[in-house]
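Structure first, commentary second.
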Amino acid sequence: METENSEHNSLNNNLEKRYENINAKAKIFKTNDFTTKIYLISFIVIIFIIYLIYFLIFNKAKIPIKTYTSLNEEKLNKTEDIISSLKPNPLYKGPIFPDDGKITREWVFELIDFMTDLEHKKTYEERYMDKIYLLKMILKAKDILSQYNESIININIPSDKNLTVVGDIHGQYYDLLNLFKINGYPSEENPYLFNGDFIDRGAFGVETIITLIAFKILYPNHFFLNRGNHEDVNVNNRYGFMIEVVYDKYDIDVYNCFSEFFRFLPLGHIINDKILVIHGGLFSKEGVTIDELKRMDRCIDVPETGIMTELLWSDPIDGNGWRPSDRGAGIYFGQDVTEKFLNENNLELLIRSHEVKMEGYDIQHGGKTITIFSAPNYYDITYNKGAFIKFSGEDMKPNFIQFDAVPHPDFIKKKINYIKERVNDNIKYLEY
Ligand SMILES: [Mn+2]
């Protein structure tokens, strides 16, 4: 019995020890489980904070400014207030825009030379027009455009004169200067019509639009500009011009002044009562008349739908009828649509731009629709030719002249890094 008891006791002791061990292990396990949870929760919180910081910076860098969306007097006065609060930069060495707005041909050439910098060696003050003179110049050009009471302008080319029609430039300033070298600089003897999309995409939208504005002031009745879908603040916010003006070359005041100027651009021109020149194309609705287009209130930001949007965004297609556009704005229109529209409005030809073409131009709809595109090697990757159309007033037949791309300063990578560095510093400054 004793032996049995002592055996039983030692068995009990063993069992107790074993329970203690199990309990101790269980305790350790519980402690570990709790610590693991703390680690897991902290990890999730840290990941969330990192994501939040990234989201805030990334999103602000992407859309850093609130934009104006409609026209009112307050904004116009604002630019004048800004001008009166500015003093000329004493380091500025370029041409001075006169207060009476009367510039000469020599003044414009001086400005072009000043802005041109193929080797990218000039300092800021040696390359960019001083802000005060630039704002004055844009307002002067806007005043000229505001005298157009109609959205479509008739122009007449006498039989002994020419007119050159140019398509998209998209900030390719050195190709624009090359075009002028090939075809002659604008003058009263050598008039031009630029069919929209002067800016965005390319790196020199500022130089391009400044030069076009200067020629508009110099030759208001022999130098014509059409609005394109890129002469619109909501498009510029996304496709390069906002970054170029606000972060790289000027600031939000200049950007807002340019946006204001774009609202006053005419939507089209009719040459010798025969040829309609508009940026995009025709309409999803039948029976649109030139009178209706002329009476349209053009001085607005481009809406998401409607006649004005289609005029600036639509593209021709082979075949008849309509198809929804892949662009998300405007429509695709066929040959029968063009023929009907031209017949109803006593017109002979539609000239539009808006699409890159490998030959720089394209003829569709049995010769009734011409596309003209003037940015050669578009985006530096397309290897397309640029082209322009020269009309002689005598027969008004289109003569196509093609041209290749020329070298331009290559500092786009450097520029992107520079912008990345500056974006975060400038967020506060931009949010008004
Ligand atoms: Mn376009």
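Only one of LEU225, LEU212 is buried (at least 24 other Cβ atoms within 10 Å of the Cβ) and assigned by TED's automatic domain parsing to the domain that holds LEU311. Can you tell me which? Spell out how you get there, then give the answer.
Details: LEU212 fails: buried (at least 24 other Cβ atoms within 10 Å of the Cβ).
Matching residue, one of LEU225, LEU212: LEU225.
Table: residues versus (1) surrounded by fewer than 19 Cβ atoms within 10 Å (Cβ to Cβ); (2) closer than 28 Å to THR164 by Cβ; (3) of a type outside the set (Asp, Glu).
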residue: GLY287; (1), (2), (3): yes, no, yes
residue: LEU293; (1), (2), (3): no, yes, yes
residue: ASP301; (1), (2), (3): yes, no, no
residue: THR305; (1), (2), (3): yes, no, yes
residue: ILE317; (1), (2), (3): no, yes, yes
residue: GLY321; (1), (2), (3): yes, no, yes
residue: SER353; (1), (2), (3): no, yes, yes
residue: GLU359; (1), (2), (3): yes, yes, no
Next on the checklist: Take the conditions in the same structural domain as TYR148 (by TED's automatic domain parsing), surrounded by fewer than 19 Cβ atoms within 10 Å (Cβ to Cβ) and in contact with a strand residue (DSSP E or B) (Cβ under 9 Å, 6 or more places away or on another chain) and apply them to ASN272. Does it pass?
Outcome noted: yes
Checklist outcome for this item: Sole miss for LEU134 among (1) part of a helix (DSSP H, G or I); (2) without any contact (Cβ under 8 Å) to a residue 60 or more places away in the chain is condition (2)
Item to check | Considering residues of region 310-324 that are outside any loop (DSSP other than H, G, I, E, B) and touching a residue at least 24 places away in the same chain (Cβ under 8 Å) only, the residue farthest from the ligand (Cβ to nearest atom) | outcome: TRP322
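For residues that are aliphatic (A, V, I, L, M) and modelled with pLDDT of 90 or more, tally how many sit in region 382-432. Talk me through it step by step, then tell me what you get.
First, the residues of region 382-432 that are aliphatic (A, V, I, L, M): 387, 389, 396, 401, 405-406, 412, 416, 419, 423, 427, 430.
The next check asks that each one be modelled with pLDDT of 90 or more; those that pass are 387, 389, 396, 401, 405-406.
Final tally of qualifying residues: 6.
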Item to check | Pairs, first free of Cβ contacts under 8 Å to residues at least 12 places away in the same chain in region 224-246, second more than 15 Å from the ligand (Cβ to nearest atom) and part of a loop (DSSP other than H, G, I, E, B), C-beta under 9 Å, six or more apart | outcome: ARG238/ILE63
Next on the checklist: Quick test for you: out of ASP248, ASP253, pick the one residue that is away from the ligand (no atom under 16 Å from the Cβ), out of contact with any Pro (no Cβ under 6 Å at 6 or more places or on another chain) and over 29 Å from ASP100 (Cα atoms).
Outcome noted: ASP248
Checklist entry - From GLY280, GLY328, which residue is within 16 Å of the ligand (Cβ to nearest atom) and surrounded by 17 or more Cβ atoms within 10 Å (Cβ to Cβ)? => result GLY280
Next on the checklist: Residues that are in contact with a Phe, Trp or Tyr (Cβ under 9 Å, 6 or more places away or on another chain), away from the ligand (no atom under 16 Å from the Cβ), at pLDDT below 95 and of a type in the set (Gly, Ala, Ser): does region 195-212 have at least one?
Outcome noted: yes
Next on the checklist: Any residue at all in region 178-193 that's within 14 Å of SER374 (Cβ to Cβ), over 16 Å from the mean Cα position of the chain (by Cα) and within 16 Å of the ligand (Cβ to nearest atom)?
Outcome noted: yes
Next on the checklist: Looking at (1) free of Cβ contacts under 8 Å to residues at least 24 places away in the same chain; (2) out of contact with any strand residue (DSSP E or B) (no Cβ under 6 Å at 6 or more places or on another chain), which one does ASP362 not meet, given that it meets all the others?
Outcome noted: (2)
Checklist outcome for this item: Reported set for region 97-128 where residues are part of a loop (DSSP other than H, G, I, E, B) and surrounded by fewer than 14 Cβ atoms within 10 Å (Cβ to Cβ) is ASP99, ASP100, LYS102, THR104, LEU118, GLU119, HIS120, LYS121, THR123
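The values are calculated or read from the model by the stated rules, or taken from the named source; none is laboratory data. Bear in mind that the values here come from a model prediction, so they are computed numbers and not experimental data. Here the Cβ is made from the backbone with ideal geometry for all residues, glycine too, and neighbour counts use every protein chain on show.
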